[in-house]
Amino acid sequence: MYAPAAVFGPDPKYANVYVYTIEEQANDGRSLLNVAYPVLENPAINTTLRTLSESFIDEWRTTAAEQEALYQDYLRRTGEVAVSVVANYVQHFDVTLANADLISLSIERYRFTGGTGSTDVTGYIFDRRSGAELGPADLFTSDAYLERLSTLSRQELERRVQTEAAESQFDSPAVRDQWLSGMLEMIRGGTEPVPDNFDGLLFHEDGTLHIQFDKYQVGPGSSGVVTVVLPVESVADLLTPKLLRLLSTVKPELMHTPTPTATPPPAAVDCSQVPCVALTFDDGPSIYTEHLLDILAEHHAHATFFVLGKSAKVQAKTILRMAREGHEIGNHSWSHPSFKELNAEQILEQVDPTNKLVAELTGTAPRLFRPPYGRVTQDVLAAVPMPVILWSLDPLDWQDRDADLVAQRLSQAKNGGILLAHDIFTTTVQAMPAVLTSLTERGFHFVTVTELLAPTVPLPGHVYDHRTAH
């Protein structure tokens, strides 16, 4: 668990940036999609980002259909299930630099169809006033930037592999030379001075330029996305005045804030004596979460939010509000991949940063974990040092975007139940007033998962989906 000495407020570069999330499943869960993109104050920028995301979604649908055809063909021919024939796509984003006039975004996309998968990162800079996307001609004074970036990045990457060759053990000098020759050839190809090789340019507020090379572009798949960090000064003479103005933005120091104080709760609820349910919301925070918090406050209801680190980082103010108003914050991974594809180290790379981020924002790290898609295996239980929380009632709000239907299903909750819902769907949020009213009329109290399970203390390596009698 994390116990930071200082609690920090939201990073100002995320001001007026919200998360829009699209999640779909197909083919009995063999095809999974989770796409997040930013929503800003400029409609033109939003249209561009939505169009980019829709193209990725269309690609997933095509790939999912192709993979399913292969799956069904293999099943007919062999009578066996091809477990590796899947189509899992994830997109998420970050803001690397922003001021009132311009914003720099990175969009990372992961595709998995069996094997090791692929990841690519693309940088975008937008004029926040006009909504126009800035291209190389808006950022650099001439095409000379390609040759400069090619030379600088190639030198750094060659230095890295030369060092690795010198420090690693090989069966023989000949094997080492062969490995080094192959790596240098890959680096040369991936750093040729052409625009496609340098579409992952990200300017950061610390005065650095990050060149993101896609998986397999300058190294083996095991290297993932490869980043070369350069001081902006190394290309400053080639930058346009417009970009220089963005880079001159002085980032305010993150505010040192006290740990959010939760709204004083009503008298403690003893769920062994009164009917209780735990509302849980996955995949947020999103552009709809603030309205959901308004609804919960109006009904004096507490809930548990299983948040994604990538979205919590952007909507930190929403996380702070959750904590301040007495809701429980759980961990739902960083970027919502299917854990079935990950090893123990990769699983922790999804869990630990989310715990750390929430702890830095609120002063308290999440104590509960819910895996993406609720997929629990013995490997997940062994890797994650947290209790796993599932659910007793799924209203299928991720499948049926119908507020009345979702409300009807959730209103059938039973005492001691953990209810699944998603605050990324507007229809789910629209259903909540009816759900809260209906269950209140039936005498239910709305508590957090920890409150529902008490006096049981949930333990790592165990799965909980409802309250058990004591």
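What to note about this one:
- Helix 144-167 axis, angle to the chain major axis (alpha carbon atoms, nearest 10°): 80
- Dipole orientation for the chain: of the candidates Met386, Tyr37, Tyr18, Met386 has the Cα lying most toward the positive pole (charges on Cβ; Lys, Arg +1; Asp, Glu -1).
- Mean Cβ neighbour count within 10 Å, used as a protection proxy, ranking 460-466, 281-287 highest first: 281-287, 460-466
- Taking label positions 7 Å along the Cα-Cβ direction at both Glu41 and His299, the computed distance is 3.3 nm, reported to one decimal.
- Region 12-132, dipole about Cα centre (Lys/Arg Cβ +1, Asp/Glu Cβ -1), debye to the nearest 20: 120
- Segments 197-203, 289-295, 234-240 sorted - mean Cβ within 10 Å per residue, highest first: 197-203, 289-295, 234-240
- Working from label points 7 Å from Cα in the Cα-to-Cβ sense, the Trp179 to Ala15 distance is 5.0 nm.
- Cβ crowding within 10 Å averaged over residues, with 54-60, 207-213, 85-91, 418-424 ranked highest first: 418-424, 85-91, 207-213, 54-60
- Student exercise, the chain dipole from Lys, Arg, Asp, Glu Cβ charges, in Debye to nearest 20: 760
- Selection from Ala137, Ala69, Val314 lying farthest towards where the dipole of the chain points positive, charges on Cβ: Val314
- Intensity falloff of region 12-132 expressed as log10 I(q)/I(0), Debye formula with alpha-carbon point scatterers, at q = 0.09, 0.16 Å⁻¹: -0.32, -0.77
- Computed over protein heavy atoms with a 1.4 Å probe, the carbon and sulfur contribution to the accessible area of the chain reaches 53%.
- Between the helical axis of 289-298 and the longest alpha-carbon principal axis of the chain there is an angle of about 20 degrees.
- Per-pair calculated FRET efficiency, R0 = 35 Å: Glu233 and Gln346 via Cβ, rounded to 0.05: 0.45
- Among beta bridges that DSSP assigns inside the chain, antiparallel share in %, nearest 5: 65
- Counting only protein heavy atoms and a 1.4 Å probe, region 138-248 has 52 square angstrom of accessible area per residue.
- Between Arg50 and Asp394, the simple spin-label model (points 7 angstrom out along Cα→Cβ) gives 2.9 nm.
- A Förster distance of 30 Å, applied to the separation of the beta-carbon atoms of Ser222 and Ile57, puts the FRET efficiency at 0.60.
- Relative contact order for the chain, counting Cα pairs under 8 Å that sit 6 or more residues apart, in percent: 16
- Take region 276-464 with all the other protein chains still there, run a 1.4 Å probe, and you get 36 Å² of accessible area per residue.
- Lysine pairs within the chain, Cα separation less than 14 Å, 8 or more sequence positions apart or different chains: 5
- Computed [θ] at 222 nm, deg cm²/dmol, the chain (DSSP H ≥ 4; -39,500 (n - 2.57); rounded to nearest 500): -11500 deg cm²/dmol
- With only the Cα atoms considered, region 335-470 has a convex hull volume of 125 Å³ per residue.
- Quotient of C-alpha Rg and 2.2 N^0.38 Å, computed over region 138-248: 1.20
- Efficiency of FRET from Cβ geometry, Thr240 and Glu325, R₀ 56 Å, rounded to 0.05: 0.80
The values are calculated or read from the model by the stated rules, or taken from the named source; none is laboratory data. Bear in mind that the values here come from a model prediction, so they are computed numbers and not experimental data. Every residue, glycine as well, gets a Cβ built from its backbone with ideal geometry; the counts of neighbours run over all protein chains shown. With ligands, DNA and RNA removed, areas are computed over all heavy atoms of the protein, side chains included. Shrake-Rupley method; radii C 1.70, N 1.55, O 1.52, S 1.80 Å.
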